[in-house]
Every structure is written in C-alpha cells, then in structure tokens.
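Student: To start, I am sharing the structure in question, which I have written as structure tokens.
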Amino acid sequence: MHWYGVNVRLCTYPIVNYKLMESRSNKQIVLESYRKVIRDLDLSLVDSYIREDYIQHSPTVKDGKAGILEMLHFIKTLPRPTEIAPSPIIRVIVEGDFVAVHLDIRFMGKRAAIIDLFRLQDGMLAEHWDAGQGIGDEDVDMTNGTTTINEKANARESKMVVRQFYNSPLKAEGYLSPDFTEHNTTSTLLNWPDDLKMHRIMAEGNFVFAQCEGMKDGKVFALYHIFRVEAGKIAEHWSVEQEVPAIMAHGNGMF
C-alpha cells in the first residue's frame, strides 16, 4: 500500500486561501497539499493543487491528476483512524521549484521512512518521486536527529561537500565529522558501491538531499539521501532505499 493511504495529522501550519497560490512559497504549497488533500481528503481541492499534466514516478500510483484522484477515492473507502497521530513530516528541504519532504509514517501497526520529492510549476504540483523503507525495531533512529536547517549556511558549499564525498574513492576520509551520526543501520552511507548514479541534488542551508540509483545483489534500487553539513563536514545522514519494481502503474520510471 502506498504511503498516501495513511490518514494522519500532517501539520499545523495556518490555513491560507488556496486561491492565492502565487503569493505563497513552494514549501507552503506542498505542506498545504499534504494537509488539505491527503489528510482531509478534500477532493474538491485537487484541481487547485495538482496540474492536469502531473507526472507520477511513484511505482504504484497511476500517472496524471486522474491517478491521484483514483488513489484518493480509494483511500476514502478505508476506515478512518480513531486516534489522532502526530505529524509525520520531519524535515523539508527546498531549492527553487523542488521540495523534498522526509516523513515518518505509521499505519496499521507498521512504520516506514519515506522521502517525497516534488517539482512545482506555476504554484502547483507538477511532478512527484518517492522512495520508502520499512522501519524495524532495530531501525528506530531512522528519522530521529536534527530537524532545524541552519539558514545562515551556504547551500552551495553544503552541496559541494556532498558532491565531493560521492566522488571520493575514500569516502570516510576527510569528509565525515568526528561526531558523525548514521541513522540508517541497514543501509549506511559507506556500504553502497562507488558507482552510484546521482539523478538530482539540492540544498537548503546546511541540509542536502540527493536522489540516487544503485545496484545491489543484481537489483536496481532508488536511494534517497539527506545530509546535514557542519563546518565543511558531513555530520548527520538519513536515507531510504527501495527496490525498483519491474512493473509499475505508469511508464515514467522511478527517476
């Protein structure tokens, strides 16, 4: 089941008139879409947030706005939760028209770390990618840690540190802070092959998001990484990995 099936209290940002999309930041638009469309299941607002030519990369959801509507109609048939859950939104990283959102989803006794990536166009959601990984008892730290972005940090420099790390054959040497914290114990920063393909990288302040593709055991994986950079070193790392399925609900691929 795709994570959108989770019905949770997504955020507590003040409600803004959705007709004024052009006056709000991309971050506000994405967070409002989570709250109003996904959490509240107000299908009347889909036309206000989702472009008609919306491109879907999540493997289980059909393409276009019609795919979103089909998914939401299905969610409406599910039982509503009896308890209000805490907001699953942990971190949000914005650069230009791209917004990456780190989530901690709990549903039907299961828990997963999800990273969504949206591209916005003219104040509306135009394209979406995601990857997710289940959180087991041994991985309870997968979404914990620092959440506040250091806005004074130079995003370009933070991005350069991460790029240099990816390109270095000796990844730990010179790039990791002495108090470096790894949050994914099953897929650490250092146990992936050197030939990762980076599809996108973006940064806000000292936080960097990278969307990558890699091979493991003969299978293709989507690898989404979030880094916190401090004093020119990688101080903290979160990630999710998801196998790319052979059959998807669309022909757009996961990247």
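Student: From Cα pairs below 8 angstrom and at least 6 apart in sequence, can you work out the relative contact order of the chain, rounded to a whole percent?
Tutor: 19
Student: Further, regarding this structure: Using only Cα atoms, tell me the angle between helix 155-167 and the longest principal axis of the chain; keep it within 0 to 90° and round to the nearest 10.
Tutor: Once rounded, the angle reads 60 degrees.
Student: Another question, if that's okay. Give the shape of the stretch 32-139 as rounded, prolate or oblate, defined through the alpha-carbon gyration tensor: a ≥ b ≥ c are the square roots of its eigenvalues, a/c under 1.5 means rounded, and otherwise the shape is prolate if a/b is larger than b/c and oblate if not.
Tutor: oblate
Student: Next up: Give a quick list of trypsin sites (Lys or Arg not before Pro) in the stretch 127-192 that DSSP marks as loop, anything other than H, G, I, E or B, with at most 11 other Cβ atoms within 10 Å.
Tutor: Those satisfying the criteria are K152.
Student: Right, here's the next one. What do you get for GluC sites (Glu not before Pro) in the stretch 154-230 restricted to DSSP loop and a cutoff of at most 13 other Cβ within 10 Å of the site's Cβ?
Tutor: E173
Student: With a 10 Å radius around each residue's Cβ, average the other Cβ atoms per peptide and rank 80-87, 243-250, highest first.
Tutor: Those peptides, ordered most packed to least, come out 243-250, 80-87.
Student: Hey, another quick one. Using unit Cβ charges (K, R positive; D, E negative) and no other charged atoms, how large, in debye to the nearest 20, is the dipole of the chain about its Cα centre? It would help to have the intermediate numbers written out before the result.
Tutor: Numbers: 28 positive and 35 negative charges, 101 e Å.
Roughly 480 debye for the chain.
Student: For semi-axes √(5λ) of the Cα gyration tensor in Å, pick the label among (i) 28, 24, 16; (ii) 36, 21, 18; (iii) 29, 20, 18 that corresponds to the value derived from the coordinates.
Tutor: Identified label for the calculated read-out: (iii).
Student: To test your reading of the geometry: what angle, between 0 and 90 degrees and rounded to tens, separates the Cα axis of helix 64-76 from the longest principal axis of the chain?
Tutor: 70
Student: If you don't mind, there's one more thing I want to ask. Per the Debye formula with a single identical scatterer at each Cα and no solvent contribution, what log10 I(q)/I(0) holds for the stretch 155-243 at q = 0.14 Å⁻¹?
Tutor: Calculated log10 I(q)/I(0) at the listed q: -0.43.
Student: Now for a different question. Of the beta bridges DSSP finds with both residues in the stretch 155-243, what % are antiparallel, to the nearest 5?
Tutor: Of all bridge pairs located within the stretch 155-243, approximately 90 percent are antiparallel.
Student: Sort the following peptides by mean Cβ neighbour count (other Cβ atoms within 10 Å, averaged over residues), highest first: 44-56, 123-135.
Tutor: Most protected by this proxy first, the peptides run 123-135, 44-56.
Student: Then there's this: Tell me, what is the FRET efficiency for L190 and N144 to the nearest 0.05, using R0 = 25 angstrom and their Cβ-Cβ distance as r? List each step's numbers first, then the result.
Tutor: Values: r = 20 Å, r/R0 = 0.79.
It comes out at approximately 0.80.
Student: Sticking with this structure for a sec: In whole Å and largest first, what semi-axes does the C-alpha gyration tensor of the stretch 112-197 yield when each eigenvalue is scaled by 5 and square-rooted?
Tutor: 24, 20, 16
Student: Related question: Of the listed pairs K36/K152; K62/K216; K159/K197; K27/K233, which have alpha-carbon separations greater than 24 Å here?
Tutor: Details: K36/K152 31 Å; K62/K216 27 Å; K159/K197 16 Å; K27/K233 27 Å.
Cα-Cα > 24 Å for K36/K152; K62/K216; K27/K233; rest within.
No lab work stands behind these numbers, since they all come straight from the coordinates. Owing to the predicted nature of the structure, the values given are computational and were not obtained by experimental measurement. Every residue, glycine as well, gets a Cβ built from its backbone with ideal geometry; the counts of neighbours run over all protein chains shown.
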